[in-house]
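Peer 1: Sending over a structure as structure tokens; questions will come in a sec.
The values are calculated or read from the model by the stated rules, or taken from the named source; none is laboratory data. Treat the numbers as computed from the prediction; the structure is a model and nothing was measured. Cβ atoms come from the backbone with ideal geometry, glycine included; neighbour counts cover every protein chain shown.
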Amino acid sequence: MDFDDQLRRYFATTDLTTVPPEALATGVEKMRVDFGMEKDRARRFALWTLLHMFGAAPDLDVAFEEAADRDAARDFMEMMERAAGE
């Protein structure tokens with residue numbers, strides 16, 4: 001999954017500063033629906049990371065059956081926290 005492709009898919013642009021709040025909420029909701037329907041683990045994880053960045057990711061125990069996926073998600077969250085602190 002390419003990040004820019006996903007932004008275009010859900011928000012019709014790669015420049016999120018141009019997306020009105022209503023369209024942002026709609027795009028996030030579409031992402032949540034796609035996440036719920038996705039069966040491929042890698043695509044599911046990629047969608048979860050996007051949802052996390054928008055503050056809309058489901059809890060890890062709900063999102064991932066595999067412990068390895070939950071661990072990877074925790075690693076991602078820690079990495080994002082460190083990046084925000086710099």
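Peer 1: In the stretch 1-23, how many residues are of a type in the set (A, V, I, L, M), part of a helix (DSSP H, G or I) and out of contact with any Phe, Trp or Tyr (no Cβ under 7 Å at 6 or more places or on another chain)?
Peer 2: Of the residues in the stretch 1-23, 2 are of a type in the set (A, V, I, L, M), part of a helix (DSSP H, G or I) and out of contact with any Phe, Trp or Tyr (no Cβ under 7 Å at 6 or more places or on another chain).
Peer 1: What helices (runs of 4 or more DSSP H), lying completely within the stretch 38-86, carry at least 2 residues that are touching a Ser or Thr at 6+ places or on another chain (Cβ under 7 Å) and more than 20 Å from Asp2 (Cβ to Cβ)?
Peer 2: Once the helices (runs of 4 or more DSSP H) in the stretch 38-86 are filtered for at least 2 residues that are touching a Ser or Thr at 6+ places or on another chain (Cβ under 7 Å) and more than 20 Å from Asp2 (Cβ to Cβ), nothing remains.
Peer 1: State the number of residues belonging to the stretch 45-85 that are modelled with pLDDT of 95 or more and basic (Lys, Arg).
Peer 2: So the count comes out to 2.
Peer 1: Look at the stretch 29-49 and say how many of its residues are within 18 Å of Met77 (Cβ to Cβ) and β-branched (Val, Ile, Thr).
Peer 2: Of the residues in the stretch 29-49, 1 are within 18 Å of Met77 (Cβ to Cβ) and β-branched (Val, Ile, Thr).
Peer 1: Next question, about the same structure. Can you give me the number of residues within the stretch 7-45 that are among the small types (Gly, Ala, Ser) and exposed (fewer than 14 other Cβ atoms within 10 Å of the Cβ)?
Peer 2: 4
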